[in-house]
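Enquirer: Structure incoming, see below.
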Amino acid sequence: MRARALVTGPDEGAIGNLLRSSRAGSLTRGWRPIAFVGSGGTAEVWRVVAADGSEAALKMLKPEWRHHSAAATLLRREYEVLWQVAGANVVRVYELVEQDAVPALVMEYLPHGDLVPLLGAPPQHWLPAFRSVVGALLGVHRCGFGHGDVKARNVLFAADGSARLVDFTTAERLESPAAISTAAYSLPASLKAGARDGDCFALAVLLYELVTGRLPYGRDGPTDLGALPAVAVSDPRAAPLLAGATAALRAGGRVQGVSYFVDVIESVGPVFG
C-alpha cells in the first residue's frame, strides 16, 4: 500500500496523545508521525520518527475501534506474542504504549513493501524471501505458536532487503484450531485442522502463488483440496517447487511441519542458489 503524507493537525495530535505513556508508565521517546502507511480490519500503521532520527512503525487501533475492549485486547496480546516469538525474520517489536487505556505497538519500520509484486516472478527474485518466511515460521512454531495469517501481504522487506513475517493479530497456540483469517490461504473449517496444519497449508498456498502468479483455489479459498487447475511453469527448474506446494495443498497442510518446506527449497538449491 502506498504511503500518504501526514498533513492534518488533528491526526498528529491524536497520535501524539496516544504516545505519551509507555507500558512502564514513563515517557516514550517522543515519536513523531511522518506518514500513514496502511490499514487493516481494526488497526492502522504509521511511520514515526524519534528525536534522534530513529524510525519505527506505529500500529494503532482505528478511531472507531479505540474504545472496543476486544480490539484493544488483541493488540496487547500481539505485543506479548511478538516478544515470545522474537527471532530472525520476525518483525521486531520495541514497546507497547497506552493512552487512556488505548494501546499501540511501536515496531520495526519496514520500508520496502510486501511480497505481492514478486508473485509469479522468476524464483531467484523471491526464493530468498520465501526461505526467510520458512525460517521465521520454524521459530514461531518452536515457541509453541501458529501465525494464523501467512500470506504475501504479511511478508515485508526491511531497509537492507531482508524479509520479515508480520501481523501476529491472529496468532494462537499450536494446539488451537487453525485460524480462518484470509479465505484464499485458509483450510475449510469443516476439516477441523490445527494451527500447525493451517500455517503449513497457507505456506503452500504462498509457494504455489509465488511460482505461478495465481492463487490455487481463488480468492474464496478451497472447498475441494484436490481441485487444482493444471498449471505449467514458465521455468522448468521451478517444477519441484510447484510439485512440493501442490502435494502440501492436497494433503491439507498435513506434512511434516514447516521443515517440509525446507526440503522443498533444498530440492532446487543448486539451481537457484
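Enquirer: Listed residues Gly226, Gly161; which is within 24 Å of Leu110 (Cβ to Cβ) and loosely packed, with under 14 Cβ neighbours inside 10 Å?
Expert: Working: Gly226 fails: within 24 Å of Leu110 (Cβ to Cβ).
Within the list Gly226, Gly161, the selection yields Gly161.
Enquirer: Please work out if Val133 is without any contact (Cβ under 8 Å) to a residue 60 or more places away in the chain, among the β-branched types (Val, Ile, Thr), outside any strand (DSSP E or B) and buried (at least 17 other Cβ atoms within 10 Å of the Cβ).
Expert: No: the conditions fail for Val133.
Enquirer: Based on what the data block shows, is Arg173 out of contact with any Asp or Glu (no Cβ under 8 Å at 6 or more places or on another chain), in contact (Cβ under 8 Å) with a residue 12 or more places away in the chain, among the basic types (Lys, Arg) and within 21 Å of Gly146 (Cβ to Cβ)? Talk me through it step by step, then tell me what you get.
Expert: Values: out of contact with any Asp or Glu (no Cβ under 8 Å at 6 or more places or on another chain): yes; in contact (Cβ under 8 Å) with a residue 12 or more places away in the chain: yes; among the basic types (Lys, Arg): yes; within 21 Å of Gly146 (Cβ to Cβ): yes.
Yes, satisfied.
Enquirer: Under 6 Å between Cβ atoms, at least 6 apart or on separate chains: pull out the pairs that start in segment 74-86 with a residue that is β-branched (Val, Ile, Thr) and end on any residue that is crowded, with 20+ Cβ neighbours inside 10 Å and part of a helix (DSSP H, G or I).
Expert: As it stands, the answer is Val85/Val140, since those pairs meet every condition given.
Enquirer: Name the single residue that is modelled with the lowest pLDDT among those in segment 41-53 being in a loop (DSSP other than H, G, I, E, B) and surrounded by 14 or more Cβ atoms within 10 Å (Cβ to Cβ). Don't jump to the end; show me each part of the working.
Expert: Quick first cut of segment 41-53, residues in a loop (DSSP other than H, G, I, E, B) only: 41-42, 50-53.
Now restrict to residues that are surrounded by 14 or more Cβ atoms within 10 Å (Cβ to Cβ): 42, 50.
Details: Thr42: 89, Ala50: 86.
Among them, the one singled out is Ala50.
Enquirer: Another question about this same structure. Any idea which of Ala56, Ala71 is touching a strand residue (DSSP E or B) at 6+ places or on another chain (Cβ under 9 Å), farther than 26 Å from Gly144 by Cα and modelled with pLDDT of 90 or more? Don't jump to the end; show me each part of the working.
Expert: Values: Ala71 fails: farther than 26 Å from Gly144 by Cα.
Every option except Ala56 fails the conditions.
Enquirer: Turning to a different aspect of this structure: If you check Ala70 against the conditions, is it surrounded by fewer than 15 Cβ atoms within 10 Å (Cβ to Cβ), assigned to a helix (DSSP H, G or I) and not assigned by TED's automatic domain parsing to the domain that holds Ala159? Please lay out each step first, then the result.
Expert: On the way: surrounded by fewer than 15 Cβ atoms within 10 Å (Cβ to Cβ): yes; assigned to a helix (DSSP H, G or I): yes; not assigned by TED's automatic domain parsing to the domain that holds Ala159: yes.
Criteria met by Ala70.
Enquirer: Taking the condition of being of a type in the set (Phe, Trp, Tyr), more than 23 Å from Gly244 (Cα to Cα) and crowded, with 21+ Cβ neighbours inside 10 Å, how many residues in segment 91-128 meet it? Spell out how you get there, then give the answer.
Expert: Our first condition is that a residue be of a type in the set (Phe, Trp, Tyr); within segment 91-128, this holds for 94, 109, 126.
Next, from what is left, pick out any that are more than 23 Å from Gly244 (Cα to Cα): 94, 109.
Next cut, crowded, with 21+ Cβ neighbours inside 10 Å only: 109.
Number of matching residues: 1.
The values are calculated or read from the model by the stated rules, or taken from the named source; none is laboratory data. This one's a predicted model, so the numbers in the text were calculated from it and none came from an experiment. All Cβ positions, glycine included, derive from the backbone under ideal geometry; neighbour counts span all protein chains shown.
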